[in-house]
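Taking it in order: structure first as structure tokens, then the write-up.
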Amino acid sequence: MNKYELAIVLSSKIEDDDRTAALEKVKNYITTYGGTVTNVDEWGKKKLAYEIQKMKEGYYYFIQFEAEADCPAQVEQHVRVMEPVIRFLCVKPEA
């Protein structure tokens, strides 16, 4: 099992319930493909470095998880098409 971190920026225009549902959906994708979520850091609403889709702010989340090597690619396929996700990045932290 490898350790990964998935950074997600969600739209600031969605409601709290929808944001929570989107985060749960991402965590569900991770567990569906054999991963285990170890930690979720919520940074809250932050200003974006540059305007994306006419938005200047977004909600930042960092999800740490353990999974096999093929899991991140499968999770990214689903996260890429999620409506409230404006940016995402999955990395394998250095040991």
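Summary table below
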item	result
Which numbered condition A73 fails, given (1) of a type in the set (A, V, I, L, M); (2) surrounded by 12 or more Cβ atoms within 10 Å (Cβ to Cβ); (3) more than 12 Å from the chain's Cα centre (by Cα)	(2)
Some residue of segment 52-63 being within 19 Å of C90 (Cα to Cα), more than 14 Å from the chain's Cα centre (by Cα) and hydroxyl-bearing (S, T, Y)	no
Tally of residues being basic (K, R), under 16 Å from K25 (Cα atoms) and part of a strand (DSSP E or B) across segment 52-90	1
Any pair with Cβ under 6 angstrom, 6 or more apart, that starts in segment 68-79 at a residue that is charged (D, E, K, R) and ends at one that is surrounded by fewer than 16 Cβ atoms within 10 Å (Cβ to Cβ)	E68/G34
Criterion (open to solvent by 50 Å² or more (accessible area, probe 1.4 Å), within 22 Å of K92 (Cβ to Cβ), within 10 Å of the chain's Cα centre (by Cα) and not basic (K, R)) met by exactly one of E5, E68	E5
Any chance A49 is in a strand (DSSP E or B), out of contact with any Ser or Thr (no Cβ under 9 Å at 6 or more places or on another chain) and small (G, A, S)	yes
Residue among K45, K13 that alone is touching a residue at least 12 places away in the same chain (Cβ under 8 Å) and more than 15 Å from the chain's Cα centre (by Cα)	K13
Residues (within 10 Å of the chain's Cα centre (by Cα), under 20 Å from K3 (Cβ atoms) and open to solvent by 100 Å² or more (accessible area, probe 1.4 Å)) located in segment 77-95	L89
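The values are calculated or read from the model by the stated rules, or taken from the named source; none is laboratory data. The shown structure was predicted, so the numbers you read here are calculated from the model rather than taken from an experiment. Reconstructed Cβ throughout: ideal geometry from the backbone, glycine too, with neighbour counts over all protein chains shown. The accessibility values were calculated without ligands, DNA or RNA, using every heavy atom of the protein model including side chains. Shrake-Rupley method; radii C 1.70, N 1.55, O 1.52, S 1.80 Å.
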